[in-house]
1. Could you derive backbone 3J(HN,Hα) for segment 233-249 from the dihedral phi with the Karplus parameters 6.51, -1.76 and 1.60 (θ = phi - 60°), listing whole Hz in sequence and x where the residue is Gly or Pro?
2. For Ser138, Ser118, what's the fewest-to-most ordering of other Cβ within 10 Å of each Cβ?
3. Round to a whole angstrom and tell me the spacing of the C-alpha centers of segment 377-452 and segment 294-356.
4. Report the number of Lys pairs in the chain whose alpha-carbons are under 29 Å apart, with separation of 8 or more residues or on distinct chains.
5. Is the shape of segment 17-124 rounded, prolate or oblate, going by the alpha carbon gyration tensor and its root eigenvalues a ≥ b ≥ c, with a/c under 1.5 for rounded and a/b larger than b/c for prolate?
6. Take Met147, Met311, Met247, Met301 and order them by how many other Cβ atoms sit within 10 Å, fewest up front.
7. Based on DSSP H runs of at least 4 residues, each adding -39500 (n - 2.57), what is the mean residue ellipticity at 222 nm of the chain after dividing by all its residues, to the nearest 500 deg cm²/dmol?
8. With a cut-off of at most 12 other beta carbons within 10 Å, and DSSP calling the residue loop, which chymotrypsin sites (Phe, Trp or Tyr not before Pro) in segment 300-356 qualify? Please list them.
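Only the coordinates and a few stated rules stand behind these numbers; no lab work does. What you see is a predicted model; the values in this text were computed from it and never measured. Glycine gets a Cβ as well: all are built from the backbone with ideal geometry, and neighbour counts include every protein chain shown.
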Amino acid sequence: MKSQRGNFRSKFGVVLATAGSAVGLGNVWRFPFMTGQNGGAVFIIVYIICILLLGIPGMVGEFIIGRHSQSNAARAYATISRYRWWGFVGVLGIITSSIILGFYAVVAGWCLHYLGASAIGHLQGDSTYVTSYFQQHSTNVVKPAFMAVVFIGITHFVIVRGVESGIERASKVLMPLLFILLLVLVGAACSLPGAMQGVEFLLKPDFSKFTSNVFLEALGQAFFSLSLGTACLCTYASYFSRDTNLMRSASQIALVDCLTAVLAGLMIFPAAFSVGIQPDSGPSLIFITLPTVFQQAFAAMPIVGQVISIMFYALLVFAALTSTISLHEIGTAFFHEEFHIKRSYAAWIITVLCSSLAIACSLSVGGAAHLQVMGMSLMNFCDFLTAQIMLPLGAMLTCVLLGWFVKTKIIRNEITNWGTLRGSLYRSFLFNVRYVVPICILLILMHQLGVI
Ligand code: PHE
């Protein structure tokens, strides 16, 4: 079985494809609205601390498990320690990623719709028009659900074409393009009148806005954005080659991910303040502010505004696609390898399951508002359950497994690439996964559940 597995071709491709999984709607859609709802700069500070202290060690941890075992998540977790029941953490990751794919596809479908709408000029109008346009679209019964299914269908198509030709080649071109376009839009947004208020909101901390909830939200956002805790990184790492430097790759990916998120914030908040949209307006934030930015910043040359708008939504769709591919790949690899069925059949299982969830999530926002769990729409509940409970739990269990149930020799070999790299970070890594990460996550989770 091992010899048939795909491999990423180049080191650059490895980092880009994994960064492609990390960079997605989590950065451009979720990060800005989370920051807006949690007090701006304060949230960003906690978020960055979470990435450095818990995120990077967690990532390296998943990389170790994946590359060591070279198999799907469930088997990887089971084989790295002597206790096979650890495989349940891999299975938990597969369930988590499928739930994420369900609601993520809905937002990705909105982006796909906005791509078409900006091409035919439907997004032109004042901010009241743009606001009601989004409300009408997202609460429509058929269209958004259909778009979500289309998005999962496109993901399915890439997945069955395999790892190297599909995922790697596309990431190499489109990821850098997204970055460049973000920079252009930051420039445009910051030049709008009154934009500096938004920059201040993002960069000048107001500690009176600090509440204990900020911790859990920032932790969830950090893990969601790094694709951590779903066994996604573990699945991708199973395609890494033996000379990939795990520590360096994790740091590079975290840096790219963090930069993209902050750039997205710098694009959205100055614009939001400039047109008088509340920063805490939630998941609709980017769909309401951005069309306004495109029109106002390029008012003198509307055609340029329209072209930039089309390019932006196209790249957003692509960024979402590289993430949905990774979410889909986790389950596909599992069914393909564990049940010995063809890869395309395995992909169909995930496609059908996740499409059904996506339809239910989409309906819960509008058409069938009674689809509620714990007072939240099914869509928001899936987001809450995964980001704030399942991802931290998955990452914590991964670190406990590595810190306490895996031979330290395996960890040392993986971190130093069998003695060919400097091993000075190995001890601090071990300390982190043994004590720092599990204790911090446990405290935050217990606080959230009201135990402390
Ligand atoms: N990290 C992705 C994003 O930021 C989402 C994701 C989460 C992908 C978990 C894979 C696993 O959009």
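1. In residue order, the calculated couplings are 5, 5, 5, 5, 5, 5, 9, 5, 8, 5, 9, 6, 7, 5, 4, 5, 4 Hz.
2. Working: Ser138 21, Ser118 24.
Fewest to most other Cβ atoms nearby, the residues stand as Ser138, Ser118.
3. 27
4. 10
5. Values: a/c = 2.88, a/b = 1.64, b/c = 1.75.
Verdict is oblate for segment 17-124.
6. Details: Met147 24, Met311 18, Met247 21, Met301 10.
Going from sparsest to densest Cβ surroundings: Met301, Met311, Met247, Met147.
7. On the way: 21 runs with 318 residues, N = 452.
Result for the chain: -23000 deg cm²/dmol, rounded to the nearest 500.
8. Values: sites: Phe312, Tyr313, Phe318, Phe334, Phe335, Phe339, Tyr345, Trp348; in loops: Phe339.
Passing both the DSSP loop test and the Cβ count: Phe339.
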